[in-house]
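Only the coordinates and a few stated rules stand behind these numbers; no lab work does. This structure is a prediction, so every number in the text was calculated from the model and none was measured. Positions of Cβ are backbone-derived with ideal geometry, glycine not excepted, and every protein chain shown enters the neighbour counts.
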Amino acid sequence: MSRTLGSSPRVSPCPPCHAEPDRWFDREDRSVALRGCLACPVRGWCAREALRTRACWGMWAGVWIDGQHRDAIGYLRSVAAAPLTPVVLHRPNSMADKVAPQRRYASASPHALIAARSSGHCEVMLDGCRYSGDVLLSRITGFPEPDLPTAAHGFLACTPCQSRLEQPARIAVRELGYRLHSPTEALTAPFYWRQSGWAILDPGGQLHASTGARHRRAS
């Protein structure tokens, strides 16, 4: 959540948290606040402000702080150090899909980049999700999680969503991009991100909109 301070930098005329501030403090319904934070152009500044003020409650820069500032410090620092561009998951159909651009990325580890991309929250959000990023999962079948080559090869999930993904008879894990056969697919295969839209995960921990995949919601 961002605040207007006398010494603060110039920010967007109306960050999403200013329109409906109560949502940024609602523990039971965090999805709207989370999506607003992920698309906010001052997310990096907000994370730094939360660190400076030792915020202990509410959604800040996409990180939910549940009464203990120290529990959020790692996630806030990841966002503050590597502020992401606004996430756009829906584009006009006339815009062609593009493979994630090849460019040089910061030397942060894949784990750190995934933490920044997700703000420590689940990136699946199936029914029954508890929003927390409890476990780092690999998208590649048989690929050990600790050895992810890039941020495109893994994602964070809460424990309930992890359990659901381990039941492929109920969830189309391959069709939704959560499980892939080959590491090379990770750079081009769409990922159904937070049940809100298709995205390409790039090696640098950012999201790129994808309109080519069939829109299908997991349940």
The stretch 16-81, relative contact order [Cα under 8 Å, separation at least 6], %: 30
Descending semi-axes in Å of the stretch 110-209, equivalent ellipsoid built from Cα gyration tensor: 17, 15, 13
Gain upon complete extension [ARG52, ALA81; 0.36 nm per residue less C-alpha separation]: 9.1 nm
Ordering of 114-125, 70-81 by burial proxy (mean other Cβ atoms within 10 Å per residue, highest first): 114-125, 70-81
Label-to-label distance, nm, for residues given as GLU175 and ASP29 (7 Å Cα→Cβ offset): 3.0
Cubic angstrom per residue, convex hull over Cα atoms of the stretch 16-81: 73
Extension reserve of the ASP71-THR159 stretch, reckoned as 0.36 nm per residue once the Cα distance is removed: 29.9 nm
For peptides 198-207, 34-43, sequence by mean Cβ density within 10 Å, most packed first: 198-207, 34-43
Segment VAL135-SER196, length gained on full extension (0.36 nm per residue, minus Cα span): 19.9 nm
